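Inspection log for the structure reproduced underneath, given as structure tokens.
The values are calculated or read from the model by the stated rules, or taken from the named source; none is laboratory data. These numbers were taken from a predicted model, which means no experiment stands behind them. Glycine also receives a Cβ, built like all others from the backbone with ideal geometry; neighbour counts cover every protein chain displayed. Surface accessibility is based on the protein's heavy atoms, side chains included, excluding ligands, DNA and RNA. Shrake-Rupley method; radii C 1.70, N 1.55, O 1.52, S 1.80 Å.
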Amino acid sequence: MDTFEAIHKRQSIRKFMDIPVPFDSVAQILRAGMDAPSPGNLHNYKIVLVQEEGTIKKLAEAALQQYWIETAKVIIVLCDEPEKIERHYSKRGKDLYSIQGCAAMAENMLVSACALGLASCWVGAFEEDMVKRVLNIPDNIRVQAILPIGYPNEAVPRPQRPDIDKVVFVESYGRKFDMDEATGYWSGIFEKKIKKAKKTVEKKVEKEGEELKKGFMYFLRNIKKKLNKLFQR
Ligand SMILES: Cc1cc2nc3c(=O)[nH]c(=O)nc-3n(C[C@H](O)[C@H](O)[C@H](O)COP(=O)(O)O)c2cc1C
């Protein structure tokens, strides 16, 4: 499965088969998480892997009684260590970077689980103190996310996504995105850049310019079809 396929295929699954998850899959998911960008490359996270059925039950309870979690075969509990990052990046590091770092890890993990034929669902609703008690997590560590993992045992309809023009602006916040306009606008800029590039380093860029031009023509021919397909879920 390629990257885009896994990204698009990933869905929140809340019912898992009674089949164990092989450890090499868990290891691949962990690796994918650790390969996510990390603020200052500090990697100020800690991960607790849970397989014990009794502990999984307690985590479901701590996750505001989301009992579907009990069907998971493995749970990854993602934590961060805010002190370390605060020393480097003060309050912003603690309040933002650290959380975003864990979010980047979580998404990598969810996508890679999907690529391995597994499924998961990001769980953010939990009583942190309770999770900490269940897993003996020290006070200076925060629990950021719980990822129950298993083989999917349900098919759920694809959740709605907003229309692109409701959430994407062009160049300035509030400047509406229009597919036709954006395509034209983008290609206009693209063309200008090719011309500019040609002027700057004539010889070298002439060849590259031709390549770019070819790419540009291809872009024009296919872009609308592709974009429309992409945003019609
Ligand atoms: C930060 C965050 C917290 C979430 N917490 C929960 C949760 O506690 N329980 C749950 O069932 N789903 C949770 N979700 C999953 C969302 O409900 C789900 O991603 C959303 O409905 C879109 O569905 P999809 O993941 O299939 O695209 C959470 C997602 C995120 C990003």
Contact order normalised by residue count of the range 1-154, Cα under 8 Å, 6+ apart, percent: 38 percent
Distance (nanometres) between label positions extended 7 Å along Cα→Cβ at Glu171 and Glu5: 3.9 nm
Apportionment of accessible area to carbon and sulfur, the chain, percent (1.4 Å): 55 percent
Accessible area per residue, Å², the chain with all protein chains present, probe 1.4 Å: 63 Å²
Furthest towards positive pole of dipole, Val74, Asn44, Phe16, structure part the range 3-150, Cβ charges: Asn44
Dipole in debye (nearest 20) - the chain, about Cα centre, beta carbon charges: Lys, Arg +1; Asp, Glu -1: 1320 debye
